[in-house]
1. If I filter the range 93-110 for residues that are acidic (Asp, Glu) and open to solvent by 20 Å² or more (accessible area, probe 1.4 Å), do I get at least one hit?
2. For the range 91-109, enumerate the residues that are aromatic (Phe, Trp, Tyr) and in a helix (DSSP H, G or I).
3. Can you run down the residue pairs with Cβ atoms below 6 Å, 6 or more apart or on separate chains, where the first is in the range 21-33 and of a type in the set (Asp, Glu) and the partner is part of a helix (DSSP H, G or I)?
4. If only one of Gly113, Gly118 is open to solvent by 10 Å² or more (accessible area, probe 1.4 Å), on the phi > 0 side of the Ramachandran plot and in a loop (DSSP other than H, G, I, E, B), which one is it?
5. Kindly indicate whether Thr169 is of a type in the set (Val, Ile, Thr), assigned to a helix (DSSP H, G or I), modelled with pLDDT of 95 or more and open to solvent by 50 Å² or more (accessible area, probe 1.4 Å).
6. What number of residues within the range 24-59 are surrounded by 16 or more Cβ atoms within 10 Å (Cβ to Cβ) and part of a helix (DSSP H, G or I)?
7. Taking the residues in the range 221-234 that are farther than 12 Å from Val183 by Cβ and out of contact with any helix residue (DSSP H, G or I) (no Cβ under 8 Å at 6 or more places or on another chain) as candidates, determine which candidate is surrounded by the most Cβ atoms within 10 Å (Cβ to Cβ).
8. Would you please list the contacts, defined by Cβ atoms under 9 Å and residues six or more apart or on different chains, that run from a residue in the range 46-60 that is without any contact (Cβ under 8 Å) to a residue 60 or more places away in the chain to a residue that is among the aromatic types (Phe, Trp, Tyr) and assigned to a helix (DSSP H, G or I)?
Amino acid sequence: MEESKVKILITGSHGQLGQELQHLLKKRHIDFLATGSQELDITNEAAVEQYFAHNQPEVVYHCAAYTAVDQAEGDGKETNWKVNATGTAIIAKACAKYAATLVYISTDYVFDGTRVTGEYLPDDAKGPRNEYGRAKLAGEEAVQKYCTKYYLVRTAWVYGQWGHNFVYTMLKLAQTHDKLTVVADQVGRPTWTRTLAEFITYLVERQKPYGIYQCSNSGQCSWYEFAQEILRDKEVTVTPVSSDQYPTAAFRPHYSVMQLSKETGFEFPKWQDALHQFMHQIEGEQLR
């Protein structure tokens with residue numbers, strides 16, 4: 001394939017998306033470089049410069065991020081800003097210097113999450129209400145400041161085969177509980193890492209126009225409805241509750257449905273279909 005001639009770098013190689021992306025590229029027989037924090041400290045400008053000078057990547061999938069949203073309000077605040085804002089700015093500068101295309105993964109948390117209907121458009125006013133969202137928005141601004149060749153891709157409610165996520169949490173709780181309560185007043189769009197990995201590679205490989213994109217699975221649901229679908233074949237009762245009953249350190253938006261970037265021609269699978277495919281996949285892995 002022509003794409004295999006392009007030098008690809010994946011940061012955040014041990015994360016949910018980083019691992020999904022590696023799996024996808026291997027399946028397509030596309031070569032790439034992948035780094036975790038041990039191989040490349042993205043917050044160290046000299047180390048990043050040295051790595052780029054030596055490896056000369058042409059496409060950088062910047063999946064590295066600090067994603068502990070609640071910890072970012074307290075003990076993790078400094079790390080959150082160091083990785084998501086400073087680290088992204090360092091990667092963006094290096095991409096600009098070496099004329100690499102940058103793919104930056106951002107979040108629905110850059111919006112204020114206070115609307116009740118409609119969809120957040122890519123250019124809608126930003127108003128993050130937690131530290132994680134503020135740092136990711138600073139990352140967005142750095143990408144736009146330093147780069148001209150970039151795909152800024154916002155996503156939400158991410159789950160996948162590798163790492164901790166809501167789907168695994170629900171499945172694990174169902175093993176030891178016959179009744180569960182899940183918040184029903186927070187609405188958004190789940191995103192399977194497979195869909196996200198396919199979308200970002202689609203943008204790069206089809207040479208879509210640079211700019212801001214939004215990616216999740218189609219449709220929308222509350223966390224309660226998401227949990228119901230995850231556990232529909234399990235012997236467990238799921239009861240809806242208000243988020244007031246589960247206070248968290250970080251503000252969680254009550255509504256964060258983003259408009260999907262359909263003008264690219266990419267087909268976004270329905271969230272239910274993506275979830276069922278994922279569940280089938282992990283059940284198959286467990287049987288091996």
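The values are calculated or read from the model by the stated rules, or taken from the named source; none is laboratory data. Small disclaimer: the values here were computed from a predicted structure and weren't measured. So basically every Cβ, Gly included, is an ideal-geometry build from the backbone, and we count neighbours across all protein chains shown. SASA here: full protein model, heavy atoms, side chains in, ligands and nucleic acids out. Shrake-Rupley method; radii C 1.70, N 1.55, O 1.52, S 1.80 Å.
1. As a first pass, look at the range 93-110 and keep what is acidic (Asp, Glu): 108.
Keeping just the survivors that are open to solvent by 20 Å² or more (accessible area, probe 1.4 Å) gives none.
No, the conditions are met nowhere in the range 93-110.
2. Within the range 91-109, the subset aromatic (Phe, Trp, Tyr) is 98, 104, 109.
Matches in the range 91-109: Tyr109 only.
3. Between residues of the range 21-33 that are of a type in the set (Asp, Glu) and residues that are part of a helix (DSSP H, G or I), the close pairs are Asp31/Ser4.
4. Among Gly113, Gly118, only Gly118 is open to solvent by 10 Å² or more (accessible area, probe 1.4 Å), on the phi > 0 side of the Ramachandran plot and in a loop (DSSP other than H, G, I, E, B).
5. yes
6. Residues flagged as surrounded by 16 or more Cβ atoms within 10 Å (Cβ to Cβ) and part of a helix (DSSP H, G or I) within the range 24-59 amount to 6.
7. It comes out as Gln228.
8. Pro57/Tyr51; Val60/Phe52
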